[in-house]
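Right, one structure below, let's go through it.
No lab work stands behind these numbers, since they all come straight from the coordinates. In this text, all values refer to a predicted model and were calculated from it rather than measured experimentally. A quick note on method: Cβ atoms are made from the backbone with ideal geometry, for glycine too, and the neighbour counts reach across all protein chains shown.
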Amino acid sequence: MSKHKKYDIAIVGGGLSGLSLACLLGRHGLKIACIDQADPKTKPQDLRTTAISYGSRKVLEKAEIWEGIAETCPIEDIQILDGGSSTLLEFLSREVENKAFGWIVDNHDLKQAMIQRLKTLGNVSHIAPAKVSGFKIGDAGANVQLEDGSVIEAKLIIGADGRFSGVRDFMKREYGLRTRQWSYHQRAVICTVSHQNPHHNIAVEHFWPEGPFAILPFADDQDGIHRSSVVFTEHGPEKNSLMHMSDEEFEVALAARFPASYGDVKLIGRRAAYPLGLVHAEDYIAPRMVLVADAAHGIHPIAGQGLNLGFRDLDVLDELIGKAHKTGQDIASAELLEEYQRRRRPDNMAMVAMTDGLNRLFSNNIMPVRAFRRSGLKLVSRLKPAKDFFMKQAMGDR
Ligand SMILES: Cc1cc2nc3c(=O)[nH]c(=O)nc-3n(C[C@H](O)[C@H](O)[C@H](O)COP(=O)(O)OP(=O)(O)OC[C@H]3O[C@@H](n4cnc5c(N)ncnc54)[C@H](O)[C@@H]3O)c2cc1C
């Protein structure tokens, strides 16, 4: 790569949000660089699946990524259980005009579909592996410095570099941006399993005092083996983690959590663990800089909404930049960036508060709290407007 290159927009981070945004913005004919430190040719590190909401699917369709995803599995029923109780709350997609609540997709497949789509856009460059090491902001433009000494010049820098965002750190140092963050002292251990009986496209969220245990329906494999992905939340010292169990011990732990209707459950492949915490920037913008997705707000995965929330940022930013470019206005103007922040902050703050509150309410075995949440769930189950509200939230359709 030459030492100095000029683009309209530099996206720092080519994870699921950065790549999607590159595909969205590429449609407007803007010259985009999407930079990521990870080598796209190396074996996948991300073993997770993601529940893509109805609203996020529309964004992926707009970016022409959706049709390239190898496998998707619809969620048609969501069952919520509390501790050792039977189902307390059930959402059925046929209650919302037969639409699926969402689709489970493999993160690696999703990323590959994004990279393939990006390759069809001549005006978008995927610069990877390349590590961003610094920034320089001027009145007329900005520079992104790479570790190999190269410089990327752009009118706007978008931070899509995840919950440990270096763009956010720079904004903190240079412009005093403040961030709220704390640890949940929990880890999400994730894996894929096979099971004897079909899952019937049911997602199960089972709340235990140590954190939620989720079973997400995944597509059968080529031999018709039934599969689901699991998010097993744990707390306590790392030395006692489920990660240190043998596969056999782990399968016993899974069997104790799985409903009997699944039959025998077997682990497929490896497990991975993610420490859980919250991070939310008080501002998302600075001169010629803007944060999106996890770089702006990393939330608890309790409701499977982190990336879905990020996609709503991308949708708004794409709309504003597309409109400014079409009418010959500055794509990095303070007015544009302020409008993005104004439109996105309330939704993000509400989701931060909801996921944080849900985790506190459910990761708690104190008797009055348990009684309160059980009666609350039963109430939601009986009140149609409340139930409709939660179903719409799950679908991310607004
Ligand atoms: C267990 C678990 C389950 C989840 N399930 C769901 C779900 O079902 N549904 C949902 O919507 N969300 C879910 N989420 C949340 C979702 O995974 C995140 O919101 C999403 O991955 C964030 O994507 P991102 O692109 O913003 O950030 P990241 O995935 O963190 O990507 C950031 C990218 O930036 C790159 N980068 C960082 N620094 C630099 C640098 N200096 N130079 C170059 N590149 C850099 C990194 O290499 C990386 O590729 C889950 C999260 C967890 C932990």
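Observations, loosely collected:
- With neighbour counts taken as other beta-carbon atoms within 10 Å, the residues 27, 94 rank, fewest first, as 94, 27.
- C-alpha center-to-center spacing [segment 1-46, segment 126-154] in angstrom: 12
- Helix 16-26 vs. the chain, principal-axis angle (Cα, 0 to 90°, nearest 10): 40
- Percentage relative contact order, the chain, counting C-alpha pairs under 8 Å, at least six apart: 21
- In degrees, nearest ten, helix 367-382 long axis to first principal axis of the chain (Cα): 80
- Averaging the sequence gap over all C-alpha pairs within less than 8 Å and six or more residues apart, then dividing by the number of residues, gives segment 261-333 a relative contact order of 23 percent.
- Dimensionless Rg/Rh of segment 1-131 - Kirkwood Rh, Rg from C-alpha atoms: 1.09
- Stretching the chain fully between residue 46 and residue 58 yields a gain of 2.0 nm (0.36 nm per residue, less the alpha carbon separation).
- Helical contribution to [θ] at 222 nm, DSSP H n ≥ 4, -39,500 (n - 2.57), averaged over the chain, rounded to 500: -11000 deg cm²/dmol
- Angle between the chain longest axis and helix 334-362 axis [Cα atoms, degrees, rounded to 10]: 20
- Its relative contact order, with pairs defined as Cα atoms under 8 Å and 6+ residues apart, puts segment 99-167 at 16 percent.
- Selection among 113, 321, 361 by position relative to the dipole of the chain gives 321 as farthest towards the positive end (Cβ unit charges, Cα centre).
- Judged by the mean number of other Cβ atoms found within 10 Å, the most tightly packed of the peptides 163-176, 132-145 leads the ranking 163-176, 132-145.
- Gaussian network model of the chain, springs between alpha carbon atoms under 10 Å - residue of 350, 332, 219 with greatest fluctuation: 350
- From largest to smallest, the equivalent ellipsoid semi-axes obtained for segment 259-300 from the alpha-carbon gyration tensor read 39, 12, 9 Å.
- Counting only Cα atoms, the chain measures 62, 45, 42 Å along its principal axes, largest extent leading.
- For segment 273-355, Kirkwood radius (reciprocal of mean inverse C-alpha pair distance, Å): 13.4
- With N the number of residues in segment 199-275, Rg(Cα) / (2.2 N^0.38 Å) evaluates to 1.12.
- For the residue pairs 31/326; 131/323; 62/131; 6/43; 62/111, alpha carbon separations beyond 19 Å are given by 131/323; 62/131; 6/43.
- Restricting the GluC sites (Glu not before Pro) of segment 228-288 to loop positions (DSSP other than H, G, I, E, B) with no more than 12 neighbouring Cβ atoms within 10 Å leaves 282.
- Each part reduced to its alpha carbon centroid, segment 277-350 and segment 239-261 end up 39 Å apart.
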